[in-house]
Structure formats: C-alpha cells, structure tokens
Amino acid sequence: MLTSKNAGLSTMEYAINITNLYKKYPHAEFNSVDGLNLQFPKGKISGLLGPNGAGKTTTISIMCGLVAADSGSVKVLGLDAQTDIHKILQKTGIVTQHVALYPLLSAWENLVYIGGLYNIPQKALHDKISFLLERFGLQNSAKKQVKHFSGGMKRRCNIIASLLHDPELLILDEPTAGVDIHSRAMILDFLSAYNEEGHTILYTSHLLDEAERLCTEVAIIDDGKQVVQGSIQDLKAQVAGVNTLEELFLHYTGRSLRE
C-alpha cells in the first residue's frame, strides 16, 4: 500500500482526517468500510475513487452524519463527525448521488426553502439564488417545477442548493451522473473556479477522465480499504506503463467485473 504524500502536513492543514474507520451494516457479510485511513488537504480538489461497493458512499455518509461509524474517527474541518455534525453541516455543502429537491416545487421555491434552513437573511438569500441561477444557466427556469427539469438541470439546481451558505468544503458524490455533455462541462468549469477561490472540494465519480481533469490528488479504495493515495502525477510515475488515471485505477483494482 502506498501512503499519501500529505504525510508532512500538520493536522490543521487537512480538511478531512479519517482514522481507523470501520462500518458494517446489519446482516452484511463484510465491512463496508474496513480500517480506512485517509487525509485530504485544505484548498485542493481531491478525488475519492473506487469500484462499485468499495465504500465511497458509506464513507461520505459518515462524514455528513447520515451514517454512524462502528469505530474509528472522522474529523471534518477539525470537527468530530460524531459530536459536531451540526457545526460541520454549517461549513459544508453536500451534493448526493440522488437529487435532493422537491419535484412539485419550482427551483426558486426549493432554493428559498433550503436557504432558510441556514438562517440566511432573506435579501442576501434572494441575491445569492439569483446569482447562482444565472451562473448555472437556470435563470429562465427559476419558476418551473423541478419535475419538468432535464437530468442536467436537476443536477445543476442540486449543486446550487449546496452552495447557498458559501461552504468552506464541498463534498460531491457522482455530481455529473446522467447529465448531458454541456451540463457536465459547465459543472466541471464551475468546480475548478470555486476551488480557485479557496474552497476545498472532495469529489467522487466513476468517470475517471473527469476526475483526472478536475482533481489534484486522489485516493483509491476497494473493499472498504485504502489502496493508494497521492497526487495523480506522482502515482502515475510510480507504475511503469501507466499514462492515465484510468490505467492507474485498473492497475490497483483489477479488471474483474463488479456487481
């Protein structure tokens, strides 16, 4: 197993610290997360990658307080995911695999409701929503019910909902799944710009060319365990004949089909 190049960083320079993390669901045969140790630095776009069933979504769910770990610790922005989850959520934007919007409400109504959960003053909230709807190309659809949106429009609106409180850390689980090429390009361009403004991003995807374009470094996990972590450039240089992130991924996880 290769360890992260981040070993020289102090604890305060990590956005996320995962230590000896374990999780086994009731009636499952194996641990979904099995002794995971990962660190992701502040101010970077990091990728959490792995095959289906590797434990990515469970790990993210533990970070966000949606699932309780069996043992181990997760620190997000220096806060404990078990005891300080409310504070974590105030500083973190979360984009889940499934669109978390009310289909019978308009985009504007969804965003006003979600922004209200963060106690954002109404004027500031309306200004923020207007700005982000325009930035994501949805200003002309603001009053349309979300159920009438295309897949790409729903994904873009879902990302806007995670940004209303200007989070320090943005966590995205398959944010471009099922979207058209134009929406994907727009989302990736936005994430790069958001990171350049000083925000930290943790990103998962099965689209490895997308991850290679976006991420500074990656962690690959499989069967709930860390396989390798480091900068994409360094990791590729350590394996002869590997030129792309996809080749690196297959080198460490194999070519067997997964369920």
key: Residues of region 72-113 classified as closer than 23 Å to Gly198 by Cβ, assigned to a helix (DSSP H, G or I) and either in contact with a Cys (Cβ under 8 Å, 6 or more places away or on another chain) or among the polar types (S, T, N, Q) (or both), total   = 3
Residue check for Ala69: modelled with pLDDT of 95 or more, closer than 26 Å to Phe40 by Cβ and assigned to a loop (DSSP other than H, G, I, E, B) = yes
inquiry  = Against the conditions (1) on the phi < 0 side of the Ramachandran plot; (2) outside any strand (DSSP E or B), where does Val218 fall short? Just the number, please.
reply    = (2)
key: One residue from Leu164, Leu138 being crowded, with 18+ Cβ neighbours inside 10 Å, touching a residue at least 12 places away in the same chain (Cβ under 8 Å) and closer than 15 Å to Ser106 by Cβ   = Leu138
message = Every residue in region 72-130 that is out of contact with any Ser or Thr (no Cβ under 9 Å at 6 or more places or on another chain), over 18 Å from Ala161 (Cβ atoms) and either of a type in the set (Asp, Glu) or surrounded by 14 or more Cβ atoms within 10 Å (Cβ to Cβ) (or both), please.
response = Leu79, Asp84, Ile85, Lys87
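Just checking, which of Asp234, Asp173 is out of contact with any Cys (no Cβ under 9 Å at 6 or more places or on another chain) and modelled with pLDDT of 95 or more?
Answer to the check: Asp234.
For every residue, the table says whether it meets (1) under 18 Å from Asn158 (Cβ atoms); (2) in a strand (DSSP E or B); (3) among the acidic types (Asp, Glu); (4) within 14 Å of the chain's Cα centre (by Cα).
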position: Asp189; (1), (2), (3), (4): yes, no, yes, no
position: Ser192; (1), (2), (3), (4): no, no, no, yes
position: Ile201; (1), (2), (3), (4): yes, yes, no, yes
position: Asp209; (1), (2), (3), (4): no, no, yes, no
position: Val228; (1), (2), (3), (4): no, yes, no, no
inquiry  = Give me the residue from region 207-224 that is aliphatic (A, V, I, L, M) and touching a Phe, Trp or Tyr at 6+ places or on another chain (Cβ under 8 Å) and, out of that set, surrounded by the most Cβ atoms within 10 Å (Cβ to Cβ).
reply    = Ala219
ask   = Among (1) in contact (Cβ under 8 Å) with a residue 12 or more places away in the chain; (2) part of a helix (DSSP H, G or I); (3) small (Gly, Ala, Ser), which single condition is Gly116 missing?
value = (1)
note = Taking region 55-86 and keeping residues over 15 Å from Thr204 (Cα atoms) and hydroxyl-bearing (Ser, Thr, Tyr) leaves Ser71, Ser73, Thr83
task = Could you figure out which of (1) surrounded by fewer than 20 Cβ atoms within 10 Å (Cβ to Cβ); (2) in contact (Cβ under 8 Å) with a residue 60 or more places away in the chain isn't true of Thr204?
result = (1)
key: Subset of region 225-242 (residues that are touching a helix residue (DSSP H, G or I) at 6+ places or on another chain (Cβ under 7 Å) and either closer than 23 Å to Thr57 by Cα or exposed (fewer than 14 other Cβ atoms within 10 Å of the Cβ) (or both))   = Val227, Val228, Gly230, Ser231, Ile232, Asp234
query = Name the pairs: first residue in region 233-249 and within 13 Å of Gly50 (Cα to Cα), second residue surrounded by 11 or more Cβ atoms within 10 Å (Cβ to Cβ) and acidic (Asp, Glu), Cβ to Cβ under 8 Å, at least 6 apart or on different chains?
reply = Leu245/Asp209; Leu245/Glu212; Glu246/Asp209; Glu246/Glu212
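The values are calculated or read from the model by the stated rules, or taken from the named source; none is laboratory data. Treat the numbers as computed from the prediction; the structure is a model and nothing was measured. Methodologically, a virtual Cβ is constructed for each residue, glycine included, from the backbone with ideal geometry; neighbour enumeration extends over all protein chains shown.
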